[in-house]
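Notes to accompany the following structure.
Just so it is clear, none of the values below were taken in a lab; they were calculated from the coordinates. Just so we're clear, the structure is a prediction, and the values are computed from it rather than from any experiment. Ideal geometry is used to build each Cβ from the backbone, glycine not excepted, and the neighbour counts take in all protein chains shown.
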Amino acid sequence: MRTRLLGVAALLVSPLAQAASDEALNTAWLVLASVLVFFMQAGFALLESGMSRAKNAVNVMMKNYMDGCVGGITFWLLGFGLMFGSNITGWFGMSHFAPHTGGPWDFTFLLFQMMFAATAATIASGAMAERTRYSAYLIGAVVISGFIYPVFGSWVWSGIYGGQGWLAALGFIDFAGSTVVHSVGAWCALAGILVLGPRLGRFAADGTPRSIPGHNLSLVALGGFILWVGWFGFNAGSSLEMNVSLGLIALNTHLAASAGALGAFLAQRSTSSPVLLTTTVNGSLGGLVGITAGCASMSPLFALLTGLVSGFVVVFGMRLLERWQLDDVVGAVPVHGFAGVWGTVAAGLFFSGDLFNWSRVGVQLLGAGVAFVWAFPLALMLYLLLAKTLGLRTSTQHEQRGLDYAEHAEVGYPEFNLAVTFDSNDLPRRV
């Protein structure tokens, strides 16, 4: 009798122990993925700094350092509740603001989503580099992290704590954020560069573009590699648990990044242009952005095709911006915006088991369009307001001499003569 009771007890305890073990593994995986996504901030900082001039290196680093800090806190206070709180209406969440209670997985999920919010906010940093006031930029990062990004995100990803976003209800596919994170961030960046205008000397009087090379291409390559590594956590972590799909997601991510670089190479060759490191790195990033929506729902062959096309989209998108005299220092709009739209459409085109379903493609186009209609006008109003009040663009004198000293009273390379002189008129602003 005692043996039977012990056997019954073992049968009851075993599933509970297995469930506890599964929760621990899922939590550990999500923590690791969060760390990888956070490490992407370092990748963005290095890439953007390398593409900027030496006199602005500290300023670029400071923006990337702080937008993750203030944006993360803002997302915890407000954004998480708007994005993932109980979404009865389908438009935004109405609970879980400044969450401080819950289980281990709840806290880990919050951490993971804070990293995503930081990514959306930092996309504008590189596009608006070398002429943006530091304090005005941080205000923009707070609004993006706390309102623009999470409200749109609630339309696609809410449902964890009740309800469902209206785009998700239509069947919109965006597994890890080609549109939710990257396109939303890119449309905010586009608004920023429209309000700012180009850097001094970027275009001739007749509109001919002039090259302003970055100061350290090694940093660009290193930043690209770090972003590539972090993207494995970005995409595979979006599974939110340890499961058998992780291998496919990681493989698709890698294939798309590789094909994106190849696509950028071929696009440059097709126009007899020199093969630039910066453009090639951006091609791989475009491939990563493009595959983010459909990394869990398409075959490796179509992941490669998605990345290859993304490389072409980035190269010709950068040239389109130059034709429009829009100064995007790092190519953020083509990489995150144009490639994000293509990747969102590709997720509908190449959905495994149901290829070329045009009704699904229509939903994907709707979602991509809604992202623009939501993010761009709001960001445009935000930056216009900042320009009229606090001031969005730095002074001509400070832009010429560099924002490192003007905004932060220090320079990134004090040992070298950067042909920059400082005087009492260049005192740092209060930020």
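Tell me which residues come under 5 Å, amide H to amide H, from GLY163 once H is placed; ignore anything under 5 positions away on its chain.
Amide H neighbours of GLY163: ASN87.
Could you please report the charge total around SER52, scoring K, R as +1 and D, E as -1 over all other residues with beta-carbon less than 15 angstrom from its beta-carbon?
Value of the local net charge: 0.
Helix-only estimate, please: 222 nm mean residue ellipticity of the chain, summing -39500 (n - 2.57) across DSSP H runs of length 4 or more and dividing by its residues, to the nearest 500.
Result for the chain, helices only: -21000 deg cm²/dmol.
Helix 184-196: angle to the longest alpha-carbon principal axis of the chain, degrees 0 to 90, nearest 10?
It is inclined by approximately 20 degrees.
For a quick protection proxy, order the peptides 170-177, 90-97 by their average other-Cβ count within 10 Å, most packed first.
Sorting 170-177, 90-97 by mean packing, highest first, produces 170-177, 90-97.
Per-residue counts of other Cβ atoms within 10 Å, averaged by peptide: what ranking do you get for 30-36, 101-107, 308-314, 402-408, highest first?
Descending mean neighbour count gives 308-314, 402-408, 30-36, 101-107.
Applying the Karplus parametrisation 6.51 cos²θ - 1.76 cosθ + 1.60 with θ = phi - 60° to the phi angles of the range 139-152, what ³J(HN,Hα) value in whole Hz is obtained for each residue in order, glycine and proline being reported as x?
4, x, 4, 5, 5, 5, 5, x, 9, 4, 5, x, 5, 5
Return the distance in nm (one decimal) between the two label points of a simple spin-label model at GLN164 and ALA409, each offset 7 Å from Cα along Cα→Cβ.
Placing both labels 7 Å along Cα→Cβ, they lie 5.6 nm apart.
Taking the Cβ of ASN243 as the centre, find all other residues whose Cβ is under 14 Å away and add up their charges (Lys, Arg: +1; Asp, Glu: -1).
Local charge sum for ASN243: -3.
For q values of 0.12 Å⁻¹, compute log₁₀ I(q)/I(0) with the Debye formula on a Cα-only model of the chain, without solvent.
With one equal scatterer per Cα and no solvent, log10 I(q)/I(0) is -0.94.
Arranged from highest to lowest average of other beta-carbon atoms within 10 Å per residue, in what order do the peptides 124-133, 292-301 appear?
Ranking the peptides 124-133, 292-301 by packing returns 124-133, 292-301.
Could you give the nm distance between label points at SER352 and GLN325, where each point is 7 Å from its Cα heading toward the beta carbon?
4.9
What nm distance separates the two modelled labels at ASN243 and GLN397, each placed 7 Å from Cα along Cα→Cβ?
6.0
Between TYR65 and LEU366, 0.36 nm times their residue separation minus their Cα-Cα distance comes to what?
Answer, rounded to one decimal: 104.9 nm.
What's the extension gain from LEU266 to VAL373 if we count 0.36 nm per residue and subtract their Cα-Cα distance?
Full extension from LEU266 to VAL373 adds 35.3 nm.
Between SER86 and ALA387, 0.36 nm times their residue separation minus their Cα-Cα distance comes to what?
104.8 nm
From the backbone phi of the range 393-409, what are the Karplus-calculated ³J(HN,Hα) couplings (6.51 cos²θ - 1.76 cosθ + 1.60, θ = phi - 60°) in whole Hz, Gly and Pro given as x?
Values per residue, Gly and Pro as x: 9, 6, 5, 4, 4, 5, 5, 5, 8, x, 7, 4, 6, 4, 9, 10, 6 Hz.
What angle, in degrees between 0 and 90 and rounded to the nearest 10, separates the Cα long axis of helix 2-51 from the longest principal axis of the Cα atoms of the chain?
Orientation of helix 2-51: about 10 degrees from the principal axis.
Out of residues 5 or more away from PHE203 or on other chains, whose amide H comes under 5 Å of its own, with H placed 1.01 Å from N in the peptide plane?
Result for PHE203 returns ARG210.
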